[in-house]
Amino acid sequence: MSDIHHMPRVLSGVQPTGNLHLGNYLGAIKRFVDLQDSHDCLYCVVDLHAITVPQDPKALAQQTREIAAAYLAAGVDDGQAAIFAQSAVPEHAELAWIFNCVARIGWLNRMTQFKDKAGKNKEKASVGLYVYPVLMAADILLYHATHVPVGEDQKQHLELARDIAGKFNQDFNVPDFFPIPEPLIGGPAPRVMSLRDGTQKMSKSDPSDLSRITLKDSDDDIAKKIKKAKTDPEPLPDNPDDLAARPEADNLVGIFAALSDQTKAEVLANYAGQGFGAFKPALTEVLIDRLGPVRQKMAQLLAEPQHLDATLMRGAERARTIAGPVVKRTKEIVGFWQA
């Protein structure tokens, strides 16, 4: 029998590493808003993850505020969901160390994200970058989260969290102490691709600013980027399956669908047979309509840093009321001395 009752709970976060883009909004933040009415939600700014690669210390705190502002501007209610900085809850790092001693080298060697991020210089990569999937497992299991909204590229890390939870429970004979978290994958645009290359994920690190729509882009910026977005000469089809071999077209239709709360089929029902000369202006209008208010609200919030700081402090306090007892019980299970 479980030591702690596992209520439906969601944990997720975004790294404070530069301008948030449309992929962050559709793949994470918009979903955070949708989930807060049906689950107990905790949304952190994962600054511990951010420092696995070099960061500007002077910029990191401000970037943390920017993520918090984006959560609030998009519609996350901090009265419902806790918003906090990961580093403000020391239990994340404490549980991660215990999990480092539960996880196995072979498991981490299979993590493709490390190979992708480290590239040819893996011998020079930080140890943190190598073990950060273990910290991600701690992030989730620290709150006994039962569900985690993840993109396709994070499914492997959630599988690791499930493996760690299962092994801990088995090794210490505490069945179901840590729940086996389930992924929440879905939505019409779970993976937003580059505007310059529909086979590559939209990224903050892409050298071309034209590859992404950021949450700070002006209406004119958005219009310019969509106008220059790579497409093909064919008209839009009437069947979503026909987009499979047309990555740029598929990406733009997916973005339109996600922003307008439609399916790709519903979008194509209105634009089938039309070229991108007609579709791009309509997509631009939808983008401006949805992102404009978020941009404006973010600017207002960032002009009041004391309000953001208070929100982050309240969120951290709430998070620690959950995290503290879980770590205390974990230490008891492991056998650590506690006064």
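Within the bounds of region 24-45, is there any residue that is within 14 Å of the chain's Cα centre (by Cα), closer than 26 Å to Lys115 by Cβ and among the hydroxyl-bearing types (Ser, Thr, Tyr)?
no
For region 121-151, enumerate the residues that are among the aliphatic types (A, V, I, L, M), part of a helix (DSSP H, G or I) and more than 12 Å from His92 (Cα to Cα). So that I can check it myself, show each step before the final result.
Of the residues in region 121-151, the ones among the aliphatic types (A, V, I, L, M) are 125, 127, 129, 131, 134-138, 140-142, 145, 148, 150.
Remaining after also requiring part of a helix (DSSP H, G or I): 127, 129, 131, 134-138, 140-141.
Once the filter is applied, which keeps residues that are among the aliphatic types (A, V, I, L, M), part of a helix (DSSP H, G or I) and more than 12 Å from His92 (Cα to Cα), region 121-151 yields Val127, Leu129, Val131.
So in region 152-178, with the set limited to residues that are part of a loop (DSSP other than H, G, I, E, B) and at pLDDT 95 or above, which one is nearest to Val33 (Cα to Cα)? Explain how you work it out, then say what you get.
Applying the first criterion (part of a loop (DSSP other than H, G, I, E, B)) to region 152-178 yields 172-178.
After this cut, where a residue has to be at pLDDT 95 or above as well, the list is 172-174, 177-178.
On the way: Phe172: 37, Asn173: 37, Val174: 34, Phe177: 29, Phe178: 26 Å.
Among them, the one singled out is Phe178.
Taking region 244-287 as the search range and keeping residues that are among the acidic types (Asp, Glu) and within 23 Å of the chain's Cα centre (by Cα), which one is farthest from Thr231 (Cα to Cα)? Full working, then the answer.
Here is the first cut: in region 244-287, the ones among the acidic types (Asp, Glu) are 248, 250, 261, 266, 285.
From what's left, within 23 Å of the chain's Cα centre (by Cα): 248, 250, 261.
Details: Glu248: 5, Asp250: 10, Asp261: 23 Å.
The selected residue is Asp261.
Given the structure, is Ala319 within 30 Å of Pro175 (Cα to Cα) and of a type outside the set (Val, Ile, Thr)?
Yes: the conditions hold for Ala319.
Give, as residue ranges, the helices (runs of 4 or more DSSP H) completely inside region 4-88 that count at least 1 residues that are modelled with pLDDT of 90 or more and of a type in the set (S, T, N, Q). Walk me through how you get there before you give the answer.
Working: elements: 30-35, 47-50, 57-74.
The qualifying helices (runs of 4 or more DSSP H) are 57-74.
How about region 30-42: which of its residues are free of Cβ contacts under 8 Å to residues at least 60 places away in the same chain and touching a strand residue (DSSP E or B) at 6+ places or on another chain (Cβ under 7 Å)?
Within region 30-42, the subset free of Cβ contacts under 8 Å to residues at least 60 places away in the same chain is 33-34, 36-38, 40-41.
Listed by number, the residues that qualify are Asp40, Cys41.
Every residue in region 77-91 that is out of contact with any Asp or Glu (no Cβ under 6 Å at 6 or more places or on another chain) and within 20 Å of Ile51 (Cα to Cα), please. Lay out the reasoning, then the answer.
Filtering region 77-91 down to residues out of contact with any Asp or Glu (no Cβ under 6 Å at 6 or more places or on another chain) leaves 77-84, 88-91.
If the condition is that a residue be out of contact with any Asp or Glu (no Cβ under 6 Å at 6 or more places or on another chain) and within 20 Å of Ile51 (Cα to Cα), then Ile83, Phe84, Ala88, Val89, Pro90, Glu91 are the ones that fit.
Does any residue of region 307-321 turn out to be surrounded by fewer than 19 Cβ atoms within 10 Å (Cβ to Cβ), touching a Lys or Arg at 6+ places or on another chain (Cβ under 9 Å) and either assigned by TED's automatic domain parsing to the domain that holds Pro237 or over 16 Å from Leu72 (Cβ atoms) (or both)? So that I can check it myself, show each step before the final result.
At the first step, the residues of region 307-321 found to be surrounded by fewer than 19 Cβ atoms within 10 Å (Cβ to Cβ) are 307, 309-310, 313-314, 317-318, 320-321.
Next, only the ones that are touching a Lys or Arg at 6+ places or on another chain (Cβ under 9 Å) stay: 309.
Retained after the next criterion (residues that are either assigned by TED's automatic domain parsing to the domain that holds Pro237 or over 16 Å from Leu72 (Cβ atoms) (or both)): none.
No, every residue in region 307-321 fails to be surrounded by fewer than 19 Cβ atoms within 10 Å (Cβ to Cβ), touching a Lys or Arg at 6+ places or on another chain (Cβ under 9 Å) and either assigned by TED's automatic domain parsing to the domain that holds Pro237 or over 16 Å from Leu72 (Cβ atoms) (or both).
So, Asp197, is that one surrounded by fewer than 17 Cβ atoms within 10 Å (Cβ to Cβ), closer than 21 Å to Leu26 by Cα, touching a residue at least 12 places away in the same chain (Cβ under 8 Å) and not polar (S, T, N, Q) or not?
Details: surrounded by fewer than 17 Cβ atoms within 10 Å (Cβ to Cβ): yes; closer than 21 Å to Leu26 by Cα: yes; touching a residue at least 12 places away in the same chain (Cβ under 8 Å): yes; not polar (S, T, N, Q): yes.
Criteria met by Asp197.
The values are calculated or read from the model by the stated rules, or taken from the named source; none is laboratory data. All values derive from a computational prediction rather than experimental measurement. Methodologically, a virtual Cβ is constructed for each residue, glycine included, from the backbone with ideal geometry; neighbour enumeration extends over all protein chains shown.
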